[in-house]
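Peer 1: This structure is in C-alpha cells; I'll ask about it shortly.
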Amino acid sequence: MSGGPGLEQRYRRVLRLLPGYYRDKWEQDMVAAFLDSWLTGDPDDDDAILEFCKPTWPEVASVAGLAARLYLGGAATPRRYFAWGQAVRRAVLAVVLVHAVLGLEVLVRTAWSRRLFGLPAPPASLAVFSPGGAWPAVYHLVNVAWIVIFVTLALGHYRTARVLAVLAIVPGLVALLQAQLTGVMPAPFGPWAWWVLFDLALVLAMTAFHQDAPPPARLPWLLALPAGYLLVYVPVLALLVTGNAAWLPDFSGLLCLLVALACLAHAPRAWSGRAGGSGVWSLTLVLLAAVFAAFRIVTLGGYLHDPHLIKVSLAELVILVAAAALVAPDAARAQAATPAPPPYPGTIAA
C-alpha cells in the first residue's frame, strides 16, 4: 500500500497527540490501519482519497481519548505517565471530597436550623435561613449530588460519576451567568474562580479515571468523608459557637492550611525514601497546592481594601508554598521514566 502525502500526513499530525514513547512504537501500524479503512482498491478512487480526504472527527476524538488515557496512564504505562495519572486521580478525589464535605456541612446546618430529627435549635450565628423559590432547592440538590459523586467515584463507577458531575456544575454556571446579567446571585454558589478551578477543571480531569486505571482504595476514601467533616467543620462550628470566628481563615485560606498540614505530615515519609508510593502522594499534594494557591491568589482581589487581610492571605500562601517545597523533590523522583509501553489497541484504528 502506498500512502500519498495528503491523508497520511494528516493522520500523522493527529497522532502527534499521543505520547512520544507510544507513537514511536505504534505510529506506522496505526497510520496503516487508518489508511486501510479508506482505500477501496480502485487506483483512481484511492489517489483522490489520499489527496483530498481528512481524518474524521470520530477518529480524531478516538485518538484524543487514547492520548488522555496514556498521558494519565494505568499500570502498564511508563512510570512517568502512571505517576501523573495516579496523582491526578487522587487530586480529583480530594477536590470532590472538598465538595462532598461542603455539601455535608450545608445539609447538617440546614437540618439543624429546621430542627429535624428532634435536634434543639442552633445558636443564631449558625442558623441557616433559606428563602423560598427554586434556587435554594437547586443549591441543596447540588450539595447532595456532590456527596453521591464522591461515593460513586470512590466505588469505581467512573462513568456515572462523570455524568453526575457534569450535571452538578451546570446550576453554578447558570447562576453565575444570571448574576453577570442581573447583578444578583440567585443562590450561594461560588465565584467564577471557584467554578473554573473546582468545577469545570475538575470535570475535565475526571478523564483520568478510565478502564486501564487502577481502582482507588475504597475504604480509606469513603472514611475520609465523615473524617473530613469531623476534623474540619466540627472545630469550625465550635469556634463560631464560642464567638471566636475571628480566628477562622476564609475558605481559600482554610484550603491552603489544610494542604500545608498534609504536606508537613507527609514530609517525613517523603524524605525517608523507603516507603513505596510516597512519590505519587507527593506529586498529588504538589498538584493540590498549585490549584489552591491559584485560588488563593485570585481571591486576593476581594481584600484590596484591607491591608491586614492581604498580609494574612499572603502569609497563608507562603506557608503553602514552603510546605509544598518539602515534598517537591519526592514528587520529581516519582516521574523517573521506566519503559513499559502498553499493547497496541487495534480497536482505536478500526
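The values are calculated or read from the model by the stated rules, or taken from the named source; none is laboratory data. Nothing here was measured: the structure is a model prediction, and the numbers come from that model. Quick reminder, even Gly has a Cβ in these numbers, built from the backbone with ideal geometry, and neighbours come from all protein chains shown. With ligands, DNA and RNA removed, areas are computed over all heavy atoms of the protein, side chains included. Shrake-Rupley method; radii C 1.70, N 1.55, O 1.52, S 1.80 Å.
Peer 1: Scan region 10-63 residue by residue and report those that are among the aromatic types (Phe, Trp, Tyr) and under 23 Å from Arg80 (Cβ atoms).
Peer 2: Once the filter is applied, which keeps residues that are among the aromatic types (Phe, Trp, Tyr) and under 23 Å from Arg80 (Cβ atoms), region 10-63 yields Tyr21, Tyr22, Trp26.
Peer 1: Please list, ordered by first then second residue, the pairs with beta carbon atoms under 8 Å, 6 or more apart or interchain, first in region 140-159 and among the aromatic types (Phe, Trp, Tyr), second part of a loop (DSSP other than H, G, I, E, B) and open to solvent by 50 Å² or more (accessible area, probe 1.4 Å).
Peer 2: Nothing qualifies.
Peer 1: While we're looking at this one, here's another question. Scan Leu39, Leu35 and give me the residue that is outside any helix (DSSP H, G or I), aliphatic (A, V, I, L, M), without any contact (Cβ under 8 Å) to a residue 40 or more places away in the chain and more than 23 Å from Trp194 (Cα to Cα).
Peer 2: Leu39
Peer 1: Suppose the filter is open to solvent by less than 50 Å² (accessible area, probe 1.4 Å) and among the acidic types (Asp, Glu); does Glu105 pass it?
Peer 2: It is true that Glu105 is open to solvent by less than 50 Å² (accessible area, probe 1.4 Å) and among the acidic types (Asp, Glu).
Peer 1: Taking the stated definitions as given, is Val312 in a helix (DSSP H, G or I), touching a residue at least 12 places away in the same chain (Cβ under 8 Å) and open to solvent by 40 Å² or more (accessible area, probe 1.4 Å)?
Peer 2: Yes.
Peer 1: Same structure again: Among the residues of region 230-250, are any closer than 30 Å to Phe82 by Cα, free of Cβ contacts under 8 Å to residues at least 24 places away in the same chain and either assigned to a helix (DSSP H, G or I) or touching a Cys at 6+ places or on another chain (Cβ under 7 Å) (or both)?
Peer 2: no
Peer 1: May I pose another question? Confirm whether Leu200 is assigned to a helix (DSSP H, G or I), open to solvent by 20 Å² or more (accessible area, probe 1.4 Å), within 30 Å of Ala67 (Cβ to Cβ) and not aromatic (Phe, Trp, Tyr).
Peer 2: When the stated conditions are applied, Leu200 passes them.
Peer 1: Now a separate question. All but one of (1) closer than 23 Å to Ala205 by Cβ; (2) open to solvent by 30 Å² or more (accessible area, probe 1.4 Å) hold for Glu27; which doesn't?
Peer 2: Among (1) closer than 23 Å to Ala205 by Cβ; (2) open to solvent by 30 Å² or more (accessible area, probe 1.4 Å), the lone unmet condition for Glu27 is (1).
Peer 1: Moving on to the next point. Cβ contacts < 8 Å: first residue at negative phi and modelled with pLDDT under 90, restricted to region 291-303; second residue part of a helix (DSSP H, G or I) and surrounded by fewer than 17 Cβ atoms within 10 Å (Cβ to Cβ), any location; separation 6+ or different chain. Result?
Peer 2: Tyr303/Leu309; Tyr303/Ile310
Peer 1: More than 18 Å from Val106 (Cα to Cα), surrounded by 13 or more Cβ atoms within 10 Å (Cβ to Cβ) and either of a type in the set (Phe, Trp, Tyr) or modelled with pLDDT under 95 (or both): which single residue out of Gly190, Gly156 fits that description?
Peer 2: Gly156
Peer 1: Right, something else. Please determine, by comparing only the residues of region 132-145 that are closer than 14 Å to Arg114 by Cβ and open to solvent by 50 Å² or more (accessible area, probe 1.4 Å), which one is modelled with the lowest pLDDT.
Peer 2: Only one residue fits best here, namely Gly132.
Peer 1: Something else: Residue check: is Val184 in contact with a helix residue (DSSP H, G or I) (Cβ under 9 Å, 6 or more places away or on another chain), of a type in the set (A, V, I, L, M) and open to solvent by less than 30 Å² (accessible area, probe 1.4 Å)?
Peer 2: In short, no.
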